[in-house]
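Just below is one structure, and these are the notes that go with it.
The values are calculated or read from the model by the stated rules, or taken from the named source; none is laboratory data. Keep in mind that this is a model prediction, so the values were computed, not measured. Reconstructed Cβ throughout: ideal geometry from the backbone, glycine too, with neighbour counts over all protein chains shown.
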Amino acid sequence: MRTSRLPSPRSGRSPGRQQPDDARRIDRALGTDGFFARWLEDLESHYTDHFAAVAELERLATHIQQFALSLVPGVLQTDGYARALFGAYRPNHTPEELDELVVIRTQRRRILDGLARPVVWTLLDEAVLRRRVGGSRVMAEQLHKVANMAESGRLRLHLLPYGVGAHALMQSLLTLMTFEDSAPVAYVEGFQTGNLMDDPALVSACQTAYALALSDALSQQESLALVRAAAEEHARDRQ
């Protein structure tokens with residue numbers, strides 16, 4: 001069915017709050033029989049305002065296409081990688097706070113536990129492989145995990161090498177989601193903000209940009225070789 005407008009970030013809300021009318025609107029749009037409204041309290045405690053709906057839509061998607069410009073996508077992150085990221089942008093954090101954030105990230109990864117759905121395509125800029133997050137051991141573990149998932153058939157992996165130069169997705173990360181009986185959506189994110197889109201023209205533009213970038217990417221086998229090589233480089237460098 002055709003969806004109505006899905007909620008997008010609005011000014012004037014405190015971080016982590018998802019309004020009840022937004023939850024009800026998502027339920028009506030996706031025919032989820034009150035699922036979002038029932039889990040609203042849980043969402044408020046776990047996710048920021050701009051991401052709460054996206055986290056639930058991931059669970060409903062049949063097909064996810066994600067592009068990352070500088071870091072490994074959240075659903076693919078190891079605990080060590082996620083902890084290093086959270087610690088980097090949270091001043092005066094405590095170990096307990098980081099533990100809680102890593103657990104929430106781990107819960108998101110469960111969408112990949114099934115063998116059939118969602119189908120996941122992951123497109124990475126080469127910068128993701130080169131930026132050392134959490135140190136050499138953490139990076140090696142993280143990149144081997146991504147490669148292992150691709151080799152097992154759980155995700156389709158493609159790399160945009162530096163040699164490509166400019167490409168269609170240089171300005172933003174992007175996630176495209178497709179559903180069984182609803183119109184597709186697109187999500188882009190920046191620092192402390194995100195935009196969930198279901199307008200057909202905007203979603204189509206995002207799909208086109210993804211297709212253009214994918215056409216410049218390496219094949220899966222070439223991508224796997226590059227990821228494995230980068231992992232080994234990190235493993236050898238103990239600095």
message: Among the residues of segment 169-176, are any touching a Leu at 6+ places or on another chain (Cβ under 6 Å) and outside the structural domain of A29 (by TED's automatic domain parsing)?
response: yes
field: Which numbered condition R137 fails, given (1) surrounded by fewer than 17 Cβ atoms within 10 Å (Cβ to Cβ); (2) touching a residue at least 60 places away in the same chain (Cβ under 8 Å); (3) not in a helix (DSSP H, G or I)
entry: (3)
- prompt: Just wondering, is there one or more residues in segment 183-206 that are farther than 20 Å from L157 by Cα and among the aromatic types (F, W, Y)?
  reply: yes
task: Name, by its number, the condition in (1) under 28 Å from G165 (Cα atoms); (2) not in a helix (DSSP H, G or I) that does not hold for H93.
output: (1)
- prompt: With V102, V164, V146, V119 as the choices, which residue is of a type in the set (V, I, T), surrounded by 17 or more Cβ atoms within 10 Å (Cβ to Cβ) and modelled with pLDDT of 90 or more?
  reply: V146
- request: Count, please, the residues in segment 42-79 that happen to be of a type in the set (G, A, S), out of contact with any strand residue (DSSP E or B) (no Cβ under 6 Å at 6 or more places or on another chain) and at pLDDT 95 or above.
  value: 0
Hits in segment 212-239 (condition: without any contact (Cβ under 8 Å) to a residue 12 or more places away in the chain and hydrophobic (A, V, I, L, M, F, W, C)): A225, A229
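If you check Q142 against the conditions, is it more than 30 Å from R28 (Cα to Cα) and either outside the structural domain of L159 (by TED's automatic domain parsing) or over 14 Å from the mean Cα position of the chain (by Cα) (or both)? Please lay out each step first, then the result.
Values: more than 30 Å from R28 (Cα to Cα): yes; either outside the structural domain of L159 (by TED's automatic domain parsing) or over 14 Å from the mean Cα position of the chain (by Cα) (or both): yes.
Yes: the conditions hold for Q142.
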